[in-house]
Amino acid sequence: MQAHPVITIDGPAASGKSSVARLVAGRRGAIYVNTGNMYRAMTWAVLQSGVDATDAEAVRAAAAAVILDSPVAEGRTQVSVNGRVLGDDELNSDPVNKAVSLVARVPEVRERLVAAQRALACLGPLVMEGRDIGSVVFPDSPLKFYIDASEEVRAARRRAQGHTDQVAERDRLDSTRKTSPLVVPQGAVVIDNSRLTLDQAVEAVLSRLP
Ligand code: DC
């Protein structure tokens, strides 16, 4: 049951949705939730246990033993694994970048994280970003957005962040997986962020909210 309103923001890797979601949350006094970091934390924990991420059965078993939590600090959720909050360096390490789409396609991993994401709506109004937030996690939300950008812009943005991973390959896996693939959610406002400044993209979202 959704206790507080949730603004959902979905889109492919490096479309700029995280920056937009964080600022929209600040402007609306809502808690910012980056669900990609939850999948990244699970991936980090699974890799720590020595599991090969291509082995879905081994991933399922390793993930089942992980205790994942989302404590709120300074208006946003962090992610902790077995009681330890993970830092950006751990969440965005090369091994995690490479394996996260493999871990995120395992249905049992998604079931657990989707349940944890729904439970966060008890904390207060949320701005939640990810791949399936408007389509699966909160399909009844009337406040849905899909932020897109061209592949060139997204690759350049990712490089500027200091990452060398292949966003196109991650998008391919995220869009073609069987369980809750990346889609434009029904009823979502689509924003093409290829040529917008951050302020313009934030305004594009805020101007459509009641
Ligand atoms: O938002 P991000 O790029 O940090 O997300 C990392 C990966 O996590 C992404 O490639 C797919 C997965 N993910 C997902 O499957 N569902 C979500 N709601 C969020 C992320």
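The values are calculated or read from the model by the stated rules, or taken from the named source; none is laboratory data. Every value quoted in this text rests on a predicted model; they were computed, and no experiment measured them. Neighbour counts run over all protein chains shown; Cβ positions are idealised from the backbone, glycine included.
List of remarks:
- Looking across the stretch 111-136, the residues that are buried (at least 20 other Cβ atoms within 10 Å of the Cβ) and either in contact with a Lys or Arg (Cβ under 6 Å, 6 or more places away or on another chain) or outside any helix (DSSP H, G or I) (or both) come down to 126, 127, 128, 129, 130, 131, 132, 134.
- Qualifying residue in the stretch 143-152 (condition: aliphatic (A, V, I, L, M) and in contact with a Ser or Thr (Cβ under 6 Å, 6 or more places away or on another chain)): yes
- Count of residues meeting criterion [within 10 Å of the ligand (Cβ to nearest atom) and among the β-branched types (Val, Ile, Thr)] in the stretch 107-132: 2
- Sole residue being within 12 Å of the ligand (Cβ to nearest atom), in contact with a helix residue (DSSP H, G or I) (Cβ under 8 Å, 6 or more places away or on another chain), hydrophobic (A, V, I, L, M, F, W, C) and modelled with pLDDT of 95 or more, chosen from 24, 33, 46: 33
- Scanning the stretch 112-128 for residues that are over 26 Å from residue 65 (Cβ atoms) and of a type in the set (Gly, Ala, Ser) returns 121, 124.
- Qualifying residue in the stretch 203-210 (condition: within 12 Å of the ligand (Cβ to nearest atom) and outside any loop (DSSP other than H, G, I, E, B)): no
The rows are residues; the columns are (1) touching a residue at least 40 places away in the same chain (Cβ under 8 Å); (2) in contact with a Phe, Trp or Tyr (Cβ under 7 Å, 6 or more places away or on another chain); (3) outside any helix (DSSP H, G or I).
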{"position": "14", "(1), (2), (3)": "yes, no, yes"}
{"position": "37", "(1), (2), (3)": "yes, no, no"}
{"position": "66", "(1), (2), (3)": "no, no, yes"}
{"position": "90", "(1), (2), (3)": "yes, yes, no"}
{"position": "96", "(1), (2), (3)": "yes, yes, no"}
{"position": "100", "(1), (2), (3)": "yes, yes, no"}
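- Set side by side, the residues 205, 106 differ, and just one is under 12 Å from residue 9 (Cα atoms) and buried (at least 20 other Cβ atoms within 10 Å of the Cβ), which is 205.
- Candidates 99, 149: the one that is more than 12 Å from the ligand (Cβ to nearest atom), buried (at least 18 other Cβ atoms within 10 Å of the Cβ) and farther than 20 Å from residue 209 by Cβ is 149.
- Residue in the stretch 60-74 that is farther than 21 Å from residue 172 by Cα and under 14 Å from the mean Cα position of the chain (by Cα) present: yes
- Here is the figure for the stretch 9-23: residues that are at negative phi, crowded, with 23+ Cβ neighbours inside 10 Å and touching a strand residue (DSSP E or B) at 6+ places or on another chain (Cβ under 8 Å) total 6.
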